[in-house]
Amino acid sequence: MGLGKVSVRINGADCGIEAIMLGVVTSVGGSLFGYDTGQISSMLLFEDFIDRFGQTQPDGSKAFDTIISSLIVSLMSIGTLIGALSGAYTADWWGRRRSLSFGVFVFIVGNIIQITAMDSWVHLTMGRLVAGLGVGNLSVGVPMFQSECCPREIRGAVVASYQLMITIGILVSNLINYGVRSIQASDASWRIVIGLGIGFSLPLGIGILFSPESPRWLAGRGKWEESRMSLARLRGMKDDPYNELVLDDFKEMQQSIAEQNEAGQGTWMECFTSRPSEIPRLVYRTFLGCAIHLLQQWTGVNYFFYYGATIFNSAGIQDPIMVQLILGAVNVATTFPGLYIIEKVGRRIPLIVGAVWQACWLLIFASVGVARPPTEYESSGIVMIVAACMFIASFAMTWGPFCWVVIGETFPLRTRAKQASLATAFNWFGNFLLGFLTPFANDGIGYGFGFVFFGTNLGAAFLVYFFLYETKSLSLENVDTMYSDKSVKPWNSNKWVPVGYISRNTRDNAYWHRRSSILDEQRLHPGGDAAMGITEKSADEKDGSPRPPTSVQLETVLGAGDERRV
């Protein structure tokens, strides 16, 4: 049996093995982000790393000045911010697949620069900056590619797996750091850690070239037949491309994309003005995506992963790298329930509950650290470790994976790459601020920094409740239609059902059988307009909702008297 025939039933629908493998391969991009996040925390404590890149202190010893450690950690986030913005161009110019391969190539170049550093922290930091360009490019491309390719029945879980791989990357780096700490007096310790990142990136850079291209990117370029074949492969029906499920997916996608194609390519300015397309709530969605991703970083999770070993070392914990390993293990284990929750419960409620839960544990962490310093009270250190674990468990199940799903779903195709780039850039901007400011905060307000994260988590809960729409089980085109419907509010959006559906999970087959597709029209009118089947809107379509074609419209498409498809 060919690969094109292989599919499995998930959530009541056929999903191709290629779609599942695509999700696995692309999620490796997340492991690169996580691996770097986890590796730097412990490397800052390695003897050889400090001797080579640290600064001579007044007493003659070597240690990192606060500003230098901040720059080493945080400048990678500047690279990722720039890389995220560049991802809008590479994803649109070259296609989603080749853009991801380019991101891996840049990441490898950055790691090579780091490995070759000898005594200059500037050399090392420039390597981290370049590697950041690649990771930033991937952080835009991976969730967007997954969202555009995966069937709606598994889209949330697949995109959430990007965060799972981030957590696995963090855990793997912690394990490797724990393993090489016995040779931390040698430069092999940190060079091995950085070099292994190159090996972890190769499955993505090579494997992605064997995956189907995004059907929505192909359709956006007018390659309708290639788009349909890509959908067939992703449904596991390569040898049955005219299967009813494939055609219904194609028909559901075509109208929105064809209409957006007629309006031309979206611009950066359009993300902030909605002109000339005038797509409803376009600017709203730009700021929503940016705010959610900025707040994802300012939940405080990388406060523990960037500087956790340093924080717990200063708290008097005997083995801070072991504590970091425990946090990494909790992060991975609790991400798995998130993959289930996102498809069964949805997006909004877990994000709201997660933010409130995180705020509570951060309040405990900060209060105990300030009132009973762990350097004086051993029990305080234990309570703070428990609070950190409970916070990370919630983040891993909710805000970690769900935010990547949101940016993959929220934006219309016309401006999706640019809006996703902006949202991801704000993620990395928040990451930079956190990485840069934490050493100064530790020197100044100490554990009181946790009170800041307490407030940002509460703010995140309010943001989701009042502004984020529930997108569970909707196609990307129907997500766009829902955001465009001015009568729908975020708090009742879970009740919205698109036209052509009995419920969000059940299509009205009679409706879709009545719909013609662009490919039908191209066969009937080979020299005509590629978007011929997207007929002029009638009065009852002005609200943006698709309607079945009328008999007059069908005569225009099929030829007078030919109503075989009705």
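The values are calculated or read from the model by the stated rules, or taken from the named source; none is laboratory data. Fair warning: this is a prediction, and the values are worked out from it, not measured in the lab. Ideal geometry is used to build each Cβ from the backbone, glycine not excepted, and the neighbour counts take in all protein chains shown. Side chains included, ligands, DNA and RNA excluded: accessible areas come from the protein's heavy atoms. Shrake-Rupley method; radii C 1.70, N 1.55, O 1.52, S 1.80 Å.
Results, tabulated for the structure shown:
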{"quantity": "Summed side-chain charge close to residue 39 - residues other than residue 39 whose Cβ falls under 13 Å, Lys, Arg +1, Asp, Glu -1", "calculated": "+2"}
{"quantity": "31 Å Cα-Cα threshold exceeded, pairs from 238/495; 238/344; 418/486; 418/495", "calculated": "238/495"}
{"quantity": "Whole-Hz couplings from phi, Karplus 6.51/-1.76/1.60, listed for region 363-374; x for Gly and Pro", "calculated": "4, 5, 4, 5, 4, 5, x, 7, 6, 10, x, x"}
{"quantity": "Residue-span extension gain [residue 505 to residue 487] - 0.36 nm each, minus C-alpha spacing", "calculated": "4.3 nm"}
{"quantity": "Solvent-accessible area of residue 33 with every protein chain in place, 1.4 Å probe, in Å² to the nearest 10", "calculated": "10"}
{"quantity": "Region 1-211, relative contact order in percent, only Cα pairs under 8 angstrom and at least six apart counted", "calculated": "36"}
{"quantity": "Per residue accessible area in Å² of region 214-263, where ligands, DNA and RNA are left out and the probe is 1.4 Å", "calculated": "35"}
{"quantity": "Accessible area, probe 1.4 Å, largest first, for residues 383, 405", "calculated": "383, 405"}
{"quantity": "Phi-based couplings in Hz for region 493-500 (Karplus 6.51, -1.76, 1.60; Gly and Pro marked x)", "calculated": "5, 5, 8, 6, 10, x, 4, x"}
{"quantity": "Long-range amide H partners of residue 64 with built H, under 5 Å", "calculated": "55"}
{"quantity": "Peptide ranges 86-99, 365-378 listed from the most packed, as the mean C-beta count within 10 angstrom indicates", "calculated": "86-99, 365-378"}
{"quantity": "Order by protection proxy (mean Cβ within 10 Å, highest first), peptides 216-228, 454-466", "calculated": "216-228, 454-466"}
{"quantity": "48, 119, ranked by accessible area, largest first (probe 1.4 Å)", "calculated": "119, 48"}
